[in-house]
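To start, the structure itself, in structure tokens.
Computed from the coordinates by the stated procedures, all read-outs in this text should not be read as laboratory data. Quick caveat: nothing in here was measured; it's all calculated off a predicted structure. In this analysis, Cβ positions are derived from the backbone assuming ideal geometry, glycine residues included, and neighbour counts consider all displayed protein chains.
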Amino acid sequence: MTDGHHIVVLGGGYAGLTAAARIAEAHSAALVTLVDRKSSFVERIRLHEIAAGSEPRDLGYSTFMQSRGGSFVQGNVSAIDLSQQHLAIDGQSSLDWSTLIYALGSYTDVNSIDGVDEHAVTLDDVSACRQLYQQLEVAPPKTKILIVGGGLTAIEAACEFAERLPELDITIALGTGFASSDEPGGLSNLAVEYLNSVFERLGVRVLVGRRVLSLTRGAAIFSDGTKETFDVCLWAAGFSVPDLARQSGLTVSKSGQISTGVTLASVSHPNVLAVGDAAEVVVDHGGKCRTSCATGRPMGELASKTVLGRLASVSLDPFQFSYAFRCVSLGREDGLIQFVDEKDCPVEEIWTGPRGARWKEYICQRTLQGIGFEVDIGAPPDTPPVRP
Ligand SMILES: Cc1cc2nc3c(=O)[nH]c(=O)nc-3n(C[C@H](O)[C@H](O)[C@H](O)COP(=O)(O)OP(=O)(O)OC[C@H]3O[C@@H](n4cnc5c(N)ncnc54)[C@H](O)[C@@H]3O)c2cc1C
């Protein structure tokens, strides 16, 4: 694999763009092309901020890739031919590839519960978030917003709306409640206590212990037969991955994520690597990586090393990742840093308040800088969060 080798990266999210940038910056003999349906990078971890009135930065892909010696093609990847090593974009036969990095991410699951697709909005793209803000900005006081989801996206959205659009009547339906404190992705008892105090301070009503069974126009029907009316329902309960990997014939997990080995190569097609939310990778401690930008970026780094290592015929490193903390914004002035063990299970220590908010903001900025965007992030706010 040397001259004429074409590396195509599908999806310019946190994982794919990191991989594309690192490979292009290495100036190997290979060509690098990034493909995305959008023209610019979206800071997906800030979409709830856009839905509450912030404007996104302009982070165009073309300039970013060209300045590194790579190129960008805008379009929707519609088919992958694994035997011919060819791609269709927008239904047209389009690009040949030698190595493919699949990084098409995930999106909110709106199909598992009846009525969600039709009656709820999601935080899936900038235009949907802007539209939601335009609607909420002029909504009469006490407009009822129902946010469904017990994960971090729902919590962040509820706090952001409550702080910046305080006239709204906000309810969060947590389902069975916050994930338990002894499982990966869970919150410690202290963190749950803190979150409940923040909801109370911000006037967010919390529904817990019942799941939404279906949505109809203006109402959610719960598992205990009760009903909750809304003017706007924001659905943030669970993610799905694009079905393209399965349709193409790549080996995927139950959830549709591409099954990968330790160097992030597909177990069925080694010339395809998978990174980010679209990949299922099992790390040293035996657990699967949680879908997050926190894991997507290091996966992008490792995929670039795998590809460049193969080109240079050097030995390849395995993906190694260890969790340290999870950070949650609770509006602009408050935040929660939940420290975790290496399996992502919460430990008791948390940081909260303005300190939590400052660290969350710093980490969002540092993520952008880590991909390669020029952002002035200044010095870290204070002692960095390290696992106790
Ligand atoms: C509101 C919100 C807050 C979040 N906060 C956090 C947080 O604080 N910390 C954290 O770790 N995670 C957070 N997440 C999760 C995080 O955003 C995702 O895990 C992360 O974006 C996954 O990165 P990725 O590169 O795999 O995919 P994505 O960022 O989803 O990027 C996928 C890319 O693929 C492109 N694409 C998809 N399909 C096609 C196609 N067919 N053709 C062409 N292009 C396509 C998309 O346009 C997109 O650019 C949050 C998510 C949301 C919604």
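Measure nothing but the geometry: give the 0 to 90° angle between the long axis through the Cα atoms of 353-371 and the longest principal axis through the Cα atoms of the chain, rounded to 10°. So the helix axis and the longest Cα principal axis differ by about 20 degrees. Antiparallel beta bridges, as assigned by DSSP with both residues in the chain, represent about 50 percent of the total such bridges.
Using a Gaussian network for the chain with springs between C-alpha atoms less than 10 Å apart, which of these wobbles most: Thr18, Thr295, Thr176? With Cα springs under 10 Å in the chain, the top fluctuation among Thr18, Thr295, Thr176 is at Thr176. Comparing Asp334, Asp344, Asp58 in a Gaussian network model of the chain, where Cα atoms under 10 Å apart are tied by springs, the biggest mean-square fluctuation is seen for Asp58.
Looking at region 108-238, send over the antiparallel percent of its DSSP beta bridges, to the nearest 5. Percent antiparallel among DSSP bridges in region 108-238 is about 35. For region 332-371 versus region 111-169, the inter-centroid distance based on Cα atoms is 23 Å. With θ taken as phi - 60° and the Karplus curve 6.51 cos²θ - 1.76 cosθ + 1.60 applied, the whole-hertz 3J(HN,Hα) list for region 63-78 is 4, 4, 6, 4, 5, 9, x, x, 9, 10, 10, 8, x, 8, 5, 9 Hz, x standing for glycine and proline.
Considering only beta bridges that DSSP places wholly inside region 48-184, some 60 percent are antiparallel. Among Trp97, Trp235, a tally of other beta-carbon atoms within 10 Å of each Cβ gives an order, fewest to most, of Trp97, Trp235.
Listed highest first by mean packing, meaning other Cβ atoms within 10 Å per residue, what order do 247-258, 25-36 come in?
In descending order of packing, they fall as 25-36, 247-258.
For the residues Phe325, Phe373, Phe178, a GNM of the chain with alpha-carbon springs under 10 Å puts the largest fluctuation on Phe373. Under a 5 Å amide H cut-off, with hydrogens placed 1.01 Å from N, Leu34 pairs with Val9, Ser71, Phe72, Val73 among residues at least 5 apart or on other chains.
Scoring 39-48, 73-82 by mean Cβ neighbours within 10 Å over their residues and listing the highest first yields 39-48, 73-82.
Phi-derived couplings, Karplus 6.51 cos²θ - 1.76 cosθ + 1.60 at θ = phi - 60°, listed residue by residue for region 101-115: 10, 9, 9, 7, x, 8, 8, 5, 7, 10, 10, 7, 10, 4, x Hz, with x used for Gly and Pro.
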